[in-house]
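Remarks on the structure that follows.
Bear in mind these aren't lab numbers, they're just calculated from the coordinates by the rules spelled out. The model shown is predicted, which means the values in this text are computed figures rather than measured ones. As a convention, Cβ positions derive from the backbone with ideal geometry for all residues, glycine included, and neighbour counts pool all protein chains shown.
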Ligand code: SF4
C-alpha cells in the first residue's frame, strides 16, 4: 500500500477505535486529528476537547486561537498549516471533564498506553522533520518527566532519526504558565526556533 493508503487506513482505524471505552475509561470517541501524510511539521497536543470533537479538528477553540497566534508569529498561517501539515495528540478521544471541574481530565497512563501505538504509527508514516509538542503531557514523550517547563521551553532537541523537537506550553486559557511575564520570554524563544525550522523547510510558503 502507498503511504497515502496506509495513512487513510490508519485514520479509519483510529476513528473506529473504542479500546478505552471497552476498558471502562471515560472517553468520547471518535479520534480527532487533522492533516496530511505529506506533512513535514507535526503537532502533538494532550487530547481533544469537546469543541474539537464537534468541529472534527484539533485546537479548534480558545486554546487553538492562542496556539495559532504563536504560530502566526513564527510565520505560519493557520489555514495553510491545517491543510498541509499534521495535528494529533497523545490520546485522540475527548477524555471528559476533570472531577474538580477545572478543565478537561488528563488522560490516565493506561489510556496513554492504549493510544500510544497509534501515535507511533502516525509519526512513522508522516515522518515529520519537526514535531511541536504542546503542553506537559506531550512534552513528556521526549523530555524527562521531572524537568520543569522553565528548563525546557525555549530549547529544542534532535532525535536519532534527525527529527527536530520543539516544546511549547499548553495554550489553554486555564493555564497560568504562559501568562507569567518571565515565561513569555521563553515562549518567544520557542517561537523563534519554530520560525527558523519553518523558514528552512518552506521559505515564504505558508506565511
Ligand atoms: S483515546 Fe486512543 S486508544 Fe482510546 S479509544 Fe480513542 S483512539 Fe482508541
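Relative contact order (percent) for the chain, with alpha-carbon contacts under 8 angstrom and 6 or more residues of separation?
Values: 348 pairs, mean separation 50.0, N = 207.
This gives 24 percent for the chain.
Using packing as a proxy for protection, rank 39-50, 124-135 so that the peptide with the highest average count of other Cβ atoms within 10 Å comes first. List each step's numbers first, then the result.
Details: 39-50: 23.6, 124-135: 20.8.
Descending packing order for the listed peptides: 39-50, 124-135.
Between the range 130-157 and the range 45-97, what is the separation of their alpha carbon centroids in Å?
18 Å
Suppose only helical runs count, i.e. DSSP H with n ≥ 4. What mean residue ellipticity at 222 nm does that imply for the chain under -39500 (n - 2.57) per run, divided by all residues and rounded to the nearest 500 deg cm²/dmol?
On the way: 9 runs with 91 residues, N = 207.
Mean residue ellipticity, 222 nm, calculated: -13000 deg cm²/dmol.
So if I restrict to the alpha-carbon atoms in the range 3-200, what is the Rg, and what is Dmax, the biggest pairwise distance, in Å?
That works out to 15.8, 46 Å for Rg and Dmax.
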